[in-house]
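K.L.:
Have a look at the structure that comes next, please.
The values are calculated or read from the model by the stated rules, or taken from the named source; none is laboratory data. The model shown is predicted, which means the values in this text are computed figures rather than measured ones. Backbone-built Cβ (ideal geometry, glycine too); neighbour counts: all protein chains shown.
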Amino acid sequence: MTDVHNSATRSRNMAAIRGADTKPEILVRKALHSLGFRYRIHVRELPGKPDLVLPRYRAVIFVHGCFWHRHDCHLFKWPATRPEFWQQKLDRNVANDDRAQLVLRGIDWRVATVWECALRGRTKRNFDQAIQELAHWIRSEEKVLEIKGL
């Protein structure tokens, strides 16, 4: 195969990866909605474009994929090819996450992160319990919450 073909294939594959409306995100959205929570999604005006924004509670929720946000769990594995590219890309994602959360907390938003490994894989948690923990946090005054796999 030629380099051009490999590049085109790689571009198509990367384009197919969803940055929004992922399966874990939709699961969390539906569960919170069924509990009566109302939210906005992917608010561009806020740093990091949070997946869910609950203005009434001054709370935002990020539903992070473990690979794309380099979570230290069994779902994250370094790709075997193009290590420099992936190191830079994933480092940049983590830096962007940290910066967005810092700015959000600085402008008095509460921040929750739900990791993919909490919802699927061998370390997944009981989904209803994870959602109840998230709902409790939303109603609380706690500033930060992280829900990850067991």
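K.L.:
If you check every pair at least six apart or on different chains, which have Cβ atoms under 7 Å apart with a residue in the range 67-92 that is part of a helix (DSSP H, G or I) first and a residue that is loosely packed, with under 12 Cβ neighbours inside 10 Å second?
P.N.:
The qualifying pairs are TRP86/TRP78.
K.L.:
Somewhere in the range 93-101, is a residue more than 21 Å from LEU35 (Cβ to Cβ), more than 16 Å from the chain's Cα centre (by Cα), among the β-branched types (Val, Ile, Thr) and modelled with pLDDT of 95 or more?
P.N.:
The answer is no, given that none of the residues of the range 93-101 is more than 21 Å from LEU35 (Cβ to Cβ), more than 16 Å from the chain's Cα centre (by Cα), among the β-branched types (Val, Ile, Thr) and modelled with pLDDT of 95 or more.
K.L.:
So in the range 33-92, with the set limited to residues that are within 19 Å of the chain's Cα centre (by Cα) and small (Gly, Ala, Ser), which one is surrounded by the fewest Cβ atoms within 10 Å (Cβ to Cβ)?
P.N.:
GLY48
K.L.:
Is one or more of the residues making up the range 34-46 in a strand (DSSP E or B) and either under 24 Å from TRP115 (Cβ atoms) or modelled with pLDDT under 50 (or both)?
P.N.:
Checking the range 34-46: at least one residue is in a strand (DSSP E or B) and either under 24 Å from TRP115 (Cβ atoms) or modelled with pLDDT under 50 (or both).
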